[in-house]
1. For residues that are open to solvent by 90 Å² or more (accessible area, probe 1.4 Å) and modelled with pLDDT of 85 or more, scanning just the range 247-277, find the one that is nearest to F150 (Cα to Cα).
2. Looking at the range 145-157, which of its residues are of a type outside the set (A, V, I, L, M, F, W, C) and more than 19 Å from V212 (Cα to Cα)?
3. Anything in the range 103-126 that is assigned to a loop (DSSP other than H, G, I, E, B), at pLDDT 90 or above and either within 14 Å of the chain's Cα centre (by Cα) or over 18 Å from A198 (Cα atoms) (or both)? List them, or say none.
4. When you scan the range 187-202, how many residues do you find that are touching a strand residue (DSSP E or B) at 6+ places or on another chain (Cβ under 9 Å), over 9 Å from N172 (Cβ atoms) and not in a strand (DSSP E or B)?
5. Of all residues being in contact with a Gly (Cβ under 8 Å, 6 or more places away or on another chain) and aliphatic (A, V, I, L, M) in the range 142-173, which is most open to solvent (accessible area, probe 1.4 Å)? Just the residue, please.
6. Filter the range 84-102 down to the residues that are in a loop (DSSP other than H, G, I, E, B) and farther than 19 Å from A21 by Cα and list them by number.
7. Could you list, ordered by first residue, the pairs with Cβ atoms under 9 Å in which the first is in the range 262-281 and hydrophobic (A, V, I, L, M, F, W, C) and the second is at pLDDT below 75, at least 6 apart or interchain?
8. Out of the range 29-58, which residues are open to solvent by 30 Å² or more (accessible area, probe 1.4 Å), touching a residue at least 40 places away in the same chain (Cβ under 8 Å) and either of a type outside the set (A, V, I, L, M) or touching a helix residue (DSSP H, G or I) at 6+ places or on another chain (Cβ under 7 Å) (or both)?
Amino acid sequence: MPTLYIVGTPIGNLEDLTPRAARILSEVSLVAAEDTRVTRRLLSHLGIRPRTTSFHQHNWRDKLAVVLAELAEGDVALVTDAGMPGISDPGSELVVAAAQAGFKVEVVPGPSAVTAALALSGFAGDSFLFLGFLPRRKKDRLVGLREASFSSVPLVLFEAPHRLRATLTDLNTAFGERPLAVCRELTKLHEEVFRGTAAQALEHFDSPRGEVVIVLRGRPVEAIEADEDQAGVDEDLRRMLSELRQDGVRAKDAVARVSETTGLAKNRVYHIWVELDRESG
């Protein structure tokens, strides 16, 4: 039975292509590529000339039936410009369609910008959260980043050079002094790894070039435990203030009484009282 091979290609240095990937690309009857011009440079480096066809996010609906028809006649390799198909790159639709049609699907692993950047960052990589490319709208980016900022594991995200400074600005807003690594042009001649904070990276990168992977250190366990303790204290304050409200005690007296009982600042207690007011109003 014909096979669809999901082939990982170099993210920069062509020497990173595995021998198995080189053999598969030389044996298949067709290579479905994100950009045939980029893929032909790789194939030319290997000294092979299989047939190629484009398969990307803008034409996959039109090309799906065509590639499946080719697959019925012989093996097909699916590649992107760099890295693994389907990982922030097109191709997942073809994988699903081929499997549903009963074709054999095999993966030919290759270089990964995600794990390469994580290893270079020096942050513990026992587990991590992959964010891919962030939303283009600033509001959406900030919402997602603030949610991710509570993660205790490193965060990995992709960014295009022309959007890097905008993203670093948002990272500075969401993460402050959190350490990060900005990995640019991975495995290429001008590979660069900047380590510091988002604010320092903004000073460093004026007109960046090349694709970028950013890795942020996870939220320290101490900070997570502090958040949990804070949440527990706030819940106790809410309970005490709610009981006083039900007894008809005025805001000023209730805040003073709870502040004296707990030893907490009046402005913190009053903040909780205002929240209760909003919820009940």
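The values are calculated or read from the model by the stated rules, or taken from the named source; none is laboratory data. What you are looking at is a predicted structure, and each value in this text was computed from that prediction instead of being measured. Cβ placement follows ideal geometry from the backbone for every residue including glycine, while neighbour counts extend to all protein chains displayed. When the accessible area is computed, the model is the full protein with side chains, heavy atoms only, and any ligands, DNA or RNA have been set aside. Shrake-Rupley method; radii C 1.70, N 1.55, O 1.52, S 1.80 Å.
1. Here is the first cut: in the range 247-277, the ones open to solvent by 90 Å² or more (accessible area, probe 1.4 Å) are 247, 250, 252, 257, 260-261, 266-267, 270-271.
From what's left, modelled with pLDDT of 85 or more: 250, 252.
Numbers: R250: 36, K252: 34 Å.
Of everything passing the filter in the range 247-277, K252 is nearest to F150 (Cα to Cα).
2. Of everything in the range 145-157, those that are of a type outside the set (A, V, I, L, M, F, W, C) and more than 19 Å from V212 (Cα to Cα) turn out to be R146, E147, S149, S151, S152.
3. Answer for the range 103-126, where residues must be assigned to a loop (DSSP other than H, G, I, E, B), at pLDDT 90 or above and either within 14 Å of the chain's Cα centre (by Cα) or over 18 Å from A198 (Cα atoms) (or both): F103, P109, G110, P111, S112.
4. Summing the residues that are touching a strand residue (DSSP E or B) at 6+ places or on another chain (Cβ under 9 Å), over 9 Å from N172 (Cβ atoms) and not in a strand (DSSP E or B) in the range 187-202 gives 3.
5. It comes out as V153.
6. Selection gives S88, A101, G102.
7. The qualifying pairs are L264/V233; V269/T262; I272/D234.
8. Hits for the range 29-58 are S29, E34, D35.
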